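Below is one structure, written out as structure tokens; the observations come after it.
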Amino acid sequence: MTRPISIEDLYEIKFLSQPRISPDGQRVAFVVSSIDERKHEYRSSIWVVPTQGVEARRFTSGPANADSPSWSPDGRWLAFVSKRESEQDLGKEAKKQGKDKTQIWLLPADGGEARQLTFIEHGASSPIWSPDGKYMLFNAQVGPADEENEDGKALPKVRVIDRLWYRLDGVGFIHERRSHLFLADVASGAIEQLTDGDWDDSHATWSPDGSYIAFVSDRCEDRWRTLGADVYTLSIKDGKAGELRCLTDSTLSCNSPSWSPDGQTVAFLARYKERSANHSYLYTITANANRAAATCLSHDFAGSCTDETNSDIGDDHLAPAPLWSSDGTTLYVLASHRGASRIFALSSRGANAQPPTLTAGEVHVRDFSVDTSKRNLALLLGSPTRPQEIFFCSVDQPGELRRITGFNDTLFAELTLATLEYMPFKGEDDWPIDGWIMKPHDFDPSKKYPLILQIHGGPQTQYGYGFFHEMQMLAAQGYVIFYTNPRGSSGYGYDFALAVRGAWGEKDSLDIMHGVEALLQHGYIDEQRMGVTGGSYGGFMTNWLIGHTDRFRAAVTDRCVSNMASIFATSDLGWYIAYENLAVTPWEDLGRYMYMSPINYVQHIHTPLLILHSEQDLRCNIEQSEQLFAALKWMGREVLLVRFEGQSHGMSRGGHPKMRLERLRHIKAWFEKYLK
């Protein structure tokens, strides 16, 4: 006997991440996160599962969280990152250094006691073994320590700001410290800092022979105004840094470099530095290049080479590095395409308009890794009815996926879930648009149902085959759920994604409403009981729609944009987002900004509106919701503002567990009040 999914089931879901296959392809290390129901806290640990499907076992123990597993080249050790207390006899000063910060630990792959490798003041992250296993490459922040009084309590800060980009959502202030690359001698623990300067270095990877590392860094003069990292290489000899070389020409925003098997070429992912539309391409460049133009391998492919599929079980849109085949002729890339995120096989010689996929079907792949042979892959793969689990795939048998974990099997065997129905339709100007429908499990086509229209954020992301606990919960309450990928969405090519530049709310809103009209033709939607909701850009669009039509009986706007002019200065990246999308500053064309701002149409909003916003949202500052709430309340409209203390922009996908429950309860109650 099954039951409908509930809000509280969020606390029962196991969230898997970071699948890292062992060098011999026999095991996969990964992270399992769950929610402590009593303390309302996340708990994460590293697990290992044989690729032959034997039961997984927990690898790290104790109450401290652990993540970022990394196999040694011989498979005998597993490095990981954790904030735990060392039991080693290290001396008082060594234990004090970097205490209460995440550090890198080493644990024998067959079990034993963990050894702390790093004692870094601000903590260490992203461990990567050298090919010979002698060194550990990692990232760490460099900068002043927090001031404390004699009792060890932090003193209030005076922050002196001299740059445009000084905050980051989910992180906080970033102006005082920089992230750089370090090298640890695994045997002795000796640490060498490899890079330094007023910039950040990241996404480091070793060349096959261990003589170089490739990484990305934005060292341009305008780096705090226009975002765009280059690909660099740095020679390494006897654990010391040598020659530094910038390969790319500063016209791209690069990430996730990957060496070819012969060490002569570096593949990487990148967006255009300007007018990017958040569309990621696959590039290659020779390892001896000097500020040269890279070769694009995916120009004719509509997919965007990163995971842009939305779900509410992870807060990151991941961009794992492309992986080379053993002969160097093929690159395996995670790309978003028409609602799915799949692994595609692209030729390293180009001409990839329709590359084959290793993971066919209605799937959402978030991450993957490959073994030393370059033939066996570990995948983090989910679907509209299941959160991600670990799968195994061989490049010799594309399309044949074998699931090797089942952490959510017991829970989901109890649940009745809505399946997804694909509904393509014609948008404005007859553009082909993808849409999907979720129906209540006891759906009867002869009845009339209330509708909830969901609108995704971005705008350059995509809906499709990601798992949504929120949507499944609402469908279980008797609503038909409808969502679309209007123009501006990822996964349909660069021009499609760029189509909303300078035109937020214009034809994209019409695309969405064309979808609603097409759905109404099916005959089972009660036109008098339609609701609309969305977050971020989806919040913008929710505000826009109810300011231009009274067709919706209720609305919920989440972490929204209401005023494009004020977000220019109040968002962590507001100047970049606003200029990229409007191609002009507010003082140059305030009329354009206000024309594209839902607050400009607030007097036309009569739809009862629930406003949800995190108080520490630095991407869409809470002042965006405060403006909307104050205006509607002044006019006596039906409006409610719910503020979430201490939460950031991604609260619905990875925020405090208690806040996530409360958010869902408010959404459920609001739609019940007006649509039931």
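The values are calculated or read from the model by the stated rules, or taken from the named source; none is laboratory data. All of these numbers come straight from a predicted model, not from anything done at the bench. Every residue, glycine among them, receives a Cβ derived from its backbone with ideal geometry; neighbour counts consider all protein chains shown.
Of all the listed residues (Glu176, Glu121, Glu150, Glu192), the sole one being surrounded by fewer than 17 Cβ atoms within 10 Å (Cβ to Cβ) and not in a loop (DSSP other than H, G, I, E, B) is Glu192. Only one entry of Ile611, Ile622 meets the criterion of being in contact with a helix residue (DSSP H, G or I) (Cβ under 7 Å, 6 or more places away or on another chain), within 28 Å of Gly466 (Cβ to Cβ) and not charged (D, E, K, R), and that entry is Ile611.
Within region 187-235, being without any contact (Cβ under 8 Å) to a residue 40 or more places away in the chain, of a type in the set (Ser, Thr, Tyr) and closer than 15 Å to Asp249 by Cβ holds for Ser217, Tyr232. Evaluating Ala187 against the criteria (1) closer than 25 Å to Ala293 by Cβ; (2) of a type outside the set (Asp, Glu); (3) over 26 Å from the mean Cα position of the chain (by Cα) leaves one unmet condition, (1).
Could you grab me the full set of residues in region 472-508 that are β-branched (Val, Ile, Thr), touching an Asp or Glu at 6+ places or on another chain (Cβ under 8 Å) and in a strand (DSSP E or B)?
Start the filter on region 472-508 by keeping residues that are β-branched (Val, Ile, Thr), which leaves 480-481, 484, 500.
Still in the list and also touching an Asp or Glu at 6+ places or on another chain (Cβ under 8 Å): 484, 500.
Scanning region 472-508 gives a single hit, Thr484.
Here Gly406, Gly399, Gly435 are screened, and the one residue that is within 19 Å of Gly488 (Cβ to Cβ) and among the small types (Gly, Ala, Ser) is Gly435. All told, Gly515 meets the bar of being under 23 Å from His337 (Cα atoms) and assigned to a helix (DSSP H, G or I).
Among the criteria (1) in contact (Cβ under 8 Å) with a residue 60 or more places away in the chain; (2) buried (at least 24 other Cβ atoms within 10 Å of the Cβ), the one Pro486 does not fulfil is (1). For region 536-565, the set of residues classified as of a type outside the set (S, T, N, Q), farther than 18 Å from Asn581 by Cα and in contact with a strand residue (DSSP E or B) (Cβ under 9 Å, 6 or more places away or on another chain) consists of Leu545, Ile546, Arg551, Phe552, Arg553, Ala554, Ala555, Val556, Asp558, Arg559, listed by residue number.
Candidates in region 11-33 are the residues that are farther than 30 Å from Pro73 by Cα and in contact with a strand residue (DSSP E or B) (Cβ under 7 Å, 6 or more places away or on another chain); of these, the one that is surrounded by the fewest Cβ atoms within 10 Å (Cβ to Cβ) is Tyr11. Is it the case that region 421-437 has a residue that's of a type in the set (D, E, K, R), surrounded by fewer than 24 Cβ atoms within 10 Å (Cβ to Cβ), touching a helix residue (DSSP H, G or I) at 6+ places or on another chain (Cβ under 7 Å) and part of a strand (DSSP E or B)? So far as region 421-437 goes, yes, one or more of its residues are of a type in the set (D, E, K, R), surrounded by fewer than 24 Cβ atoms within 10 Å (Cβ to Cβ), touching a helix residue (DSSP H, G or I) at 6+ places or on another chain (Cβ under 7 Å) and part of a strand (DSSP E or B).
With the requirement that a residue be without any contact (Cβ under 8 Å) to a residue 40 or more places away in the chain, charged (D, E, K, R) and in contact with a Gly (Cβ under 9 Å, 6 or more places away or on another chain), what does region 241-284 give you? The answer is Arg271, and nothing else. Remark: Val561 matches the filter, which requires a residue to be surrounded by 23 or more Cβ atoms within 10 Å (Cβ to Cβ), out of contact with any Asp or Glu (no Cβ under 9 Å at 6 or more places or on another chain) and either outside any helix (DSSP H, G or I) or in the same structural domain as Gly531 (by TED's automatic domain parsing) (or both).
Those helices (runs of 4 or more DSSP H) of region 564-676 in which 2 or more residues are within 28 Å of the chain's Cα centre (by Cα) and of a type in the set (Ser, Thr, Tyr) occupy 564-570, 574-582. Only one of the listed residues (Gly531, Gly574) is in contact with a helix residue (DSSP H, G or I) (Cβ under 8 Å, 6 or more places away or on another chain) and at pLDDT below 95. That residue is Gly574.
Hey, can you tell me all the residues within region 100-116 that are surrounded by 13 or more Cβ atoms within 10 Å (Cβ to Cβ), of a type outside the set (Gly, Ala, Ser) and over 26 Å from the mean Cα position of the chain (by Cα)?
Step one: filter region 100-116 for residues surrounded by 13 or more Cβ atoms within 10 Å (Cβ to Cβ), giving 101-109, 114-116.
With the extra rule that they be of a type outside the set (Gly, Ala, Ser), the set shrinks to 101-108, 115-116.
Listed by number, the residues that qualify are Leu106, Leu107, Pro108, Arg115, Gln116.
Note on region 248-303: residues that are under 20 Å from Leu227 (Cα atoms), surrounded by fewer than 22 Cβ atoms within 10 Å (Cβ to Cβ) and of a type in the set (D, E, K, R) amount to 5. Residues in region 220-249 that are under 25 Å from the mean Cα position of the chain (by Cα) and under 19 Å from Leu573 (Cβ atoms) were compared, and the one that is modelled with the highest pLDDT is Ala229.
Scanning region 53-67 for residues that are farther than 29 Å from Lys101 by Cβ and free of Cβ contacts under 8 Å to residues at least 40 places away in the same chain yields Val54, Glu55.
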